[in-house]
Amino acid sequence: QVQLVESGGGLVQPGGSLRLSCAAFGIISSINVMGWYRQAPGRERELVADITSGGTTSYADSVKGRFTISRDNAKKTVYLQMNSLKPEDTAVYYCKADRVGTGLRYVYDTWGQGTQVTVSS
């Protein structure tokens, strides 16, 4: 069984920063793409940023220049550094692993439980 556990959410003022972490647990031999998604009330879940195992990144236009995704493959952890936060960044942030190798099989589309980020004065 593979689990993703997020941490680092909270309440921050506009213009502030937060760093989210997502660690993978289980018998894991490989993880290809890891990503951060978010879902605000009344809106669909959207991709914020993702990163391949080789370090190639992509970002939603709304966060380019403000958010940075990174990963530590040895620790099986992905991070999201969020700077210059805006009220419209308020959402539940979810971590996702597209394909996890467990040595016996691949596990697809594993999600974390989500962490709340609230940007408000």
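The values are calculated or read from the model by the stated rules, or taken from the named source; none is laboratory data. If you're wondering where the values come from, they're calculated on a predicted model, not measured in any experiment. Note: ideal-geometry Cβ built from the backbone for every residue, glycine included; neighbour counts use all protein chains shown. Protein only, heavy atoms only, side chains kept; ligands, DNA and RNA dropped before computing areas. Shrake-Rupley method; radii C 1.70, N 1.55, O 1.52, S 1.80 Å.
When both residues are 6+ apart or on different chains and their Cβ atoms are under 7 Å apart, which pairs have a first residue that lies in the stretch 21-42 and is on the phi > 0 side of the Ramachandran plot, and a second that is part of a strand (DSSP E or B)?
GLY26/GLN3
Residue by residue, here is whether (1) open to solvent by 30 Å² or more (accessible area, probe 1.4 Å); (2) at pLDDT below 95; (3) of a type outside the set (S, T, N, Q) holds:
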{"residue": "GLY16", "(1), (2), (3)": "no, no, yes"}
{"residue": "ILE27", "(1), (2), (3)": "yes, yes, yes"}
{"residue": "SER30", "(1), (2), (3)": "yes, yes, no"}
{"residue": "MET34", "(1), (2), (3)": "no, no, yes"}
{"residue": "ASP50", "(1), (2), (3)": "yes, no, yes"}
{"residue": "GLY55", "(1), (2), (3)": "yes, no, yes"}
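Among GLY103, GLY65, which is at pLDDT 95 or above, surrounded by fewer than 16 Cβ atoms within 10 Å (Cβ to Cβ), of a type in the set (Gly, Ala, Ser) and assigned to a loop (DSSP other than H, G, I, E, B)? Working first, answer last.
Numbers: GLY103 fails: at pLDDT 95 or above.
None of the other options fit; the residue is GLY65.
Does THR110 satisfy the criteria of being in contact with a Leu (Cβ under 8 Å, 6 or more places away or on another chain) and under 17 Å from ASP50 (Cβ atoms)? Break it down stepwise before answering.
On the way: in contact with a Leu (Cβ under 8 Å, 6 or more places away or on another chain): yes; under 17 Å from ASP50 (Cβ atoms): yes.
Against the criterion (in contact with a Leu (Cβ under 8 Å, 6 or more places away or on another chain) and under 17 Å from ASP50 (Cβ atoms)), THR110 qualifies.
Test each condition in (1) at negative phi; (2) touching a residue at least 60 places away in the same chain (Cβ under 8 Å); (3) over 13 Å from the mean Cα position of the chain (by Cα) for GLN113 and report the one that comes out false.
GLN113 satisfies every listed condition except (3).
If we scan the stretch 1-14, do we find a residue that is surrounded by 13 or more Cβ atoms within 10 Å (Cβ to Cβ), in contact with a Lys or Arg (Cβ under 8 Å, 6 or more places away or on another chain), on the phi > 0 side of the Ramachandran plot and not acidic (Asp, Glu)?
Yes, that holds for at least one residue.
Does GLY101 satisfy being touching a residue at least 24 places away in the same chain (Cβ under 8 Å) and under 23 Å from GLY42 (Cβ atoms)?
In short, no.
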